[in-house]
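Heads up: the structure comes next, in C-alpha cells.
Computed from the coordinates by the stated procedures, all read-outs in this text should not be read as laboratory data. Since this is a predicted model, take the numbers as computed values, not measurements. Cβ placement follows ideal geometry from the backbone for every residue including glycine, while neighbour counts extend to all protein chains displayed.
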Amino acid sequence: MAPEIASYRGYVTQKLGLEASEVQLLATAIAAGQVGAARAAWLTAHLTWHRIGGAYDAFGDLGLAIDGTALRLQDGILSPQFTGFHKVELDLWQNGDLAAAATDTATLLSDVDELAGKFPHESISAAELPLRTHDILEDALRDELSGDDDYGSGTDMAAVEADVDGTRELLSLLAPVLNPGAPHLEATATNELNKLDAALAATRTNGQWVAVTQVPLAQREQVDGDIGAALETLDLVPELVQVKGLTT
Amino acid sequence: MTIDRRRFLLRSGLGAVGAFAALSGSGDADADVTLPVSGNDATLGPVPFEGRHQAGILTALPPAAAFLALDVIAEDRSTLTDLFRTVTARARYLTAGGVPPDLGTASPPSDSGTLGADVPADALTVTLGVSSSLFDDRFALATRRPIRLTTMRAFPNDGLNPDWLGGDLMLQLCAGSTDTVLHALRDITRHTRGAMQVRWRMDGFISPPRPTGLPRNHLGFMDGIANPDVTNPKIADQLLWVVKGHGEPAWAVGGSYHVIRLIRMFTEFWDRVSLHVQQATIGRYRASGAPLGMTSYTDIPDYAKDRHGYDVPLTAHMRLANPRTAITEPSRILRRGYNYDLGVDVNGTLNMGLVFNCFQQDLLRQFEATQTRLVDEPLADYIRPFGGGYFFALPGVRNSEDWLGRGLMQA
C-alpha cells in the first residue's frame, strides 16, 4: 500500500495548498464588502474541501474546526467551538454579517494553514484509504442529503458532487490493488458515480444549486437512490483491499 | 350468527389463534378470516400497581412501550396535586383491567373501546417520573428537588434536537401489546387535559429472541445482556433505588433516577460494514451474542486475561460500557432498552434506533460515568443520540389511599 498512500498524501497536500489560496480569496472578497463575490468564493473553497475527502473525521479536530457543524455542540450555533466553513456560511447567508464573516474566515484560514503544514508529516494507516472510499459518500448521505449541514447556502447537492470527485480520486488510486481481485468493481462503481453525478446535475435550476429540501421529490429520490447504489458497491472495497488487522 | 361470532371474539380476550381456529371450523361461507398472530395473545395478567417502588422498573420487559415526555400546564400546586392523583387513579384502574363504566348511548363513552368491552390488564405498567424543570418557580418545589436530578447534558457525539428534549414529566407505559399501550396513553391524556400536554413521544418494541437468548436491536446484536442482578435487594439498594443517607429528601427514598436517550442508528451504513468490524465495534459475536473469543451470550469476558484486547478490542462498546473492574462496578445501571422505528428521513434513509432507557441511584456516578467512557467509541460513527432527558421515577404507591407524588407534594 505504500505507493497508494504516497499518492494520496501528494493529492491531499496539493489540494490543501489550493484550499489555502481559495480561503484567502474569500477573505479578500469579504474585506472588500462584496457579498456576492464572497458567497461565490465560499462555495469554491468549500467544494475544494469536499474534493479533498475531508469528510468523515478524516483530519481529526482540525477537520472538525474547518468543516464541522453546530449539531454536536452544547450551545449549537452560539458555541465558540462552532467555526469554519459552516460558520462563515451562516454569517454570509443567514446573518448578513460581514464583520463576523471576516473574523471567522481568518480563523478558517489559520486552521487550513495549520493543517496544510501538519498533514505531510501525519502518519496514514493502510486501513484508512479503503474505508474512506465509502465513508465520504456515507457522510454525504447522512449530513448533506438530509440537509442537516445547510446553514443557508443551499449548496449541499454541489458538496455531494465534490464528494463524488474525492471518491473517484481514492477509487482510481486503489484500482491497482482492487483490480486483481475484482476486475469489474472499478468500472461498476464508476458507472454508478456517473449516474449519481447526472442526478445531481439535474437538480440545478437555471444554473443555480437548490437546497435539498427544495429539490422536487422525484429528483431527490434519484439522487438518494443513486448514492445508495454506489455505496452498496463501494462497501466491498475494504474487504477487497484485505488490510490485515483491520479494526475500526 | 354474525353477531354471536363478534361477541365471541370480544369475550375470548382477542386470542387470535383461538379465534382463527373457531372461524375455520364454523363452516360459514362468508366468514371473515382473521389471520393468526403469534406471540400477541393479549392474555398477560396484571402487574401489581402498589408497592415500595413503582412497577415498570424491576418488572420483566413486555414487548410494547411508549415514552411520553409531558409538560405540566397546571397553574398552581393544587392543580398539580390533582394531576398526580388523576394519573394515579387511571394507572390503578388500567393496570388492573376491568369493565369501564357504561354511560349509555347518549354520552361519549367512558373508554376508547380499543381493547373491547372488558379491558385486559395485559401486563401494563405505568411509571411516572419528574424532571428538574418541575422544580422551577412555578410550584415552589425547588427545595424538594432530588439533589442529583440535573438536566441532560450534551455528550461529545450527541446531535441533540430540541424537539426531542425536555418535559416536566416522563410517563413510561409498557404492556404485552401495542394496542394496550395506546389505550392507556389515550385514557391518561384524556383524563388530564388542561393539566399536562405531551411534548414528545417515542414508541418502542422488543423483538422476540431469535432464535433463543435475548432480543436483538436494529444492529442485529443482542442487547441488554449484562444487567446487574437487581433482583438481589442488596445490589438494588446499591445501584438502583434512592435510599436513606445519601442526602436526598426523605420523600425521594424508593425512587430511582431514570435516563432516556433517543439514539438513531444509521442502519444502511451499518449494513455496509464488514461483519468483522461490526463484531469488533460491539465486542460480541453477532449470531450467538457471545463475547468475542467465547461461546455463549451468558459467558462473562475475562478482561484481566485479555488485557491487550486480542479477543475483545479495548474500544469495543461492551468493554468501554462495562469494563468489569472494581472501580467501575458502582457505575453499573439497569437497562430497559426498546427498539424504535419511525418511518423515513428526508434523504430516504430509515429512521430507526434505540430508546436507551435505564434506571439508577445516581446520575453522575452511573449513567454519566458510563457515557463518558463511551465518548468517541468506534460505535459513535453509526449512531446519533438526538433526544431524551433525565427524570426521577417517583417512589411507589403504598396502599389504596396513596398516590404518586404524595411525598413530594406533602413533604
Between B:ASP71 and B:GLN197, the two model label points (7 Å from Cα along the beta-carbon direction) sit apart by a distance in nm of 0.6
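If you count, for every residue in B:262-272, the Cβ atoms of partner chains within 10 Å of its Cβ, what is the mean? Please list the in-between numbers first.
On the way: counts 0, 0, 1, 0, 3, 0, 7, 8, 0, 3, 11.
Other-chain Cβ atoms within 10 Å of each residue's Cβ, averaged: 3.
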Pop out the ³J(HN,Hα) list for the stretch A:142-151 in order, Karplus 6.51 cos²θ - 1.76 cosθ + 1.60 with θ = phi - 60°, rounded to Hz; leave Gly and Pro as x.
6, 9, 9, 6, 8, x, 4, 9, 8, 9
Using the Karplus equation 6.51 cos²θ - 1.76 cosθ + 1.60 (θ = phi - 60°), what ³J(HN,Hα) coupling, rounded to whole Hz, does each residue of the stretch A:135-140 give in order, writing x for Gly and Pro?
4, 4, 7, 4, 4, 4
Ranked by how many other beta carbons lie within 10 Å on average, peptides A:111-124, B:123-136, B:332-345 from highest:
B:123-136, B:332-345, A:111-124
Residues listed by number, the stretch B:193-224, amide nitrogen under 14 Å from B:SER288 label point at 7 Å toward C-beta:
B:211-213
Over the stretch A:1-84, what is the relative contact order in whole percent, taking alpha-carbon pairs under 8 Å and six or more residues apart?
20
Net charge near B:HIS191 (other residues with Cβ under 15 Å of its Cβ; Lys, Arg +1; Asp, Glu -1) is +3
Interchain or sequence-distant (5+) residues whose placed amide H lies within less than 5 Å of the amide H of B:GLY204 are B:ALA65, B:ALA66, B:PHE67
Counting helices only, and only those DSSP H runs with n ≥ 4, report the 222 nm mean residue ellipticity of chain B as the sum of -39,500 (n - 2.57) divided by its residues, in deg cm²/dmol to the nearest 500.
-6000 deg cm²/dmol
Highest GNM mean-square fluctuation among A:LEU145, A:LEU129, A:LEU78, for chain A with Cα springs under 10 Å, belongs to A:LEU78
Any idea how far the Cα center of the stretch B:177-212 sits from the one of the stretch A:3-42, in Å?
52
Can you give the average number of partner chain beta-carbon atoms within 10 Å of each beta-carbon in peptide A:124-130, as a whole number?
0
Counting partner chain Cβ atoms within 10 Å of every residue's Cβ in B:339-352, what's the average?
4
Rounded if a/c is under 1.5, else prolate if a/b is larger than b/c, else oblate: which is the stretch A:89-248, with a ≥ b ≥ c the root eigenvalues of its Cα gyration tensor?
oblate
Using θ = phi - 60° and the Karplus curve 6.51 cos²θ - 1.76 cosθ + 1.60, what whole-Hz ³J(HN,Hα) does each residue of the stretch A:205-213 get, with Gly and Pro shown as x?
10, 6, x, 9, 6, 10, 4, 3, 6
Pull up all non-local amide H partners of B:VAL130: gap of 5 or more, or a different chain, and H-to-H distance under 5 Å with H placed in the peptide plane.
B:MET170, B:PHE392, B:ALA393, B:LEU394
Identify all lysines with a Cα-Cα distance to B:LYS234 below 27 Å; exclude those on the same chain that are fewer than 8 residues away in sequence.
B:LYS244
How do B:227-237, B:165-175, A:85-95 rank on mean C-beta neighbours within 10 Å, highest first?
B:165-175, A:85-95, B:227-237
Expected 222 nm ellipticity per residue - DSSP helices of 4 or more, -39500 (n - 2.57), all of chain A, to 500
-21000 deg cm²/dmol
At least 18 Å along the helix axis (C-alpha) and Kyte average at least -0.5, DSSP helices within chain B:
B:77-96, B:178-191
For A:ARG51, B:ARG406, what's the fewest-to-most ordering of other Cβ within 10 Å of each Cβ?
B:ARG406, A:ARG51
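Might you report the magnitude of the Cβ-based charge dipole of the stretch B:64-410 about its Cα centre, with Lys and Arg at +1 and Asp and Glu at -1, to the nearest 20 debye? Working shown, then result.
Working: 35 positive and 36 negative charges, 123 e Å.
With Lys and Arg at +1 and Asp and Glu at -1, about 600 debye.
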Most exposed first, judged by fewest Cβ atoms within 10 angstrom, A:SER7, B:SER110, B:SER256, A:SER146 run B:SER110, A:SER7, A:SER146, B:SER256
